[in-house]
Amino acid sequence: MLTEPQLGQTLPPRWWRGIAYLAVVLPFLFLLAFVWVRPDFNWQEPSDWTPVLSRAEASREKGDLYEARALYSQASRLAAWREDWAGLLAVACGMKKLDNRVDADFIIHSILVRAMMAAQSRQSRAGISAVARAFTATGEDKAASMVLSHVQSGWPEDQEQVGDGALTDCWRSESVDGRRASDAGR
């Protein structure tokens, strides 16, 4: 039985065993946490934005503006994740109907810019046209012409047109204040 080191041999200190243990376990834990956190490895299909939008509209009609704003934001994230320009336009329309806060125009414009990027990535002429109409309705004619300039000649003609009457009614030439969009810039 060897209880003491042989002559000339020394046992490694106990703290070396702890370091060796950590050197093996920590990279494994780091890799496990990395795989769990990274959406590329743990990807799930985003849920549909339409039920969230319906709940937001119901909250707005009940007068719960805080919940409606939170649900509109969630629907915006879901539609942006799916690159659904029609969903982003519907969310911007809901935010427009929500209230006339000072930062509402900024939020609406940022959602419209995301809708433009989604329509551009899908090469949708109808999407670009709908976003341009929305910018025109908010009184941003320069932004609308900028959006229309993103249409490329090689894009295919869209098979589906915007058929949602509520969506097109929202972006008529009335601004958030009820003024005509042509009068808003004056």
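Any read-out appearing in this document is the output of simple, stated calculations on the displayed coordinates, not a laboratory observation. Here the structure is a predicted model, which is why all the values come from computation and not from measurement. Every residue, glycine as well, gets a Cβ built from its backbone with ideal geometry; the counts of neighbours run over all protein chains shown.
Quick notes on this one:
- For the stretch 58-154, fraction of C-alpha pairs farther apart than 21 Å, in %: 31
- Full extension of the segment from residue 122 to residue 146, taken as 0.36 nm per residue of separation minus the current Cα-Cα distance, would add 6.9 nm.
- Using θ = phi - 60° in the Karplus curve 6.51 cos²θ - 1.76 cosθ + 1.60, the 3J(HN,Hα) couplings for the stretch 20-34 round to 5, 4, 5, 5, 8, 7, 4, x, 5, 5, 4, 5, 5, 5, 5 Hz; x is entered for Gly and Pro.
- Compared with the alpha-carbon gap, the fully stretched path from residue 113 to residue 54 is longer by 19.0 nm at 0.36 nm per residue.
- The listed peptides 131-139, 117-125, 88-96, 27-35, ordered by packing as a protection proxy, come out as 88-96, 131-139, 117-125, 27-35 (highest mean of other Cβ atoms within 10 Å first).
- Fraction in percent of alpha-carbon pairs per bin - 10 Å, the stretch 82-124: 33, 48, 17, 2
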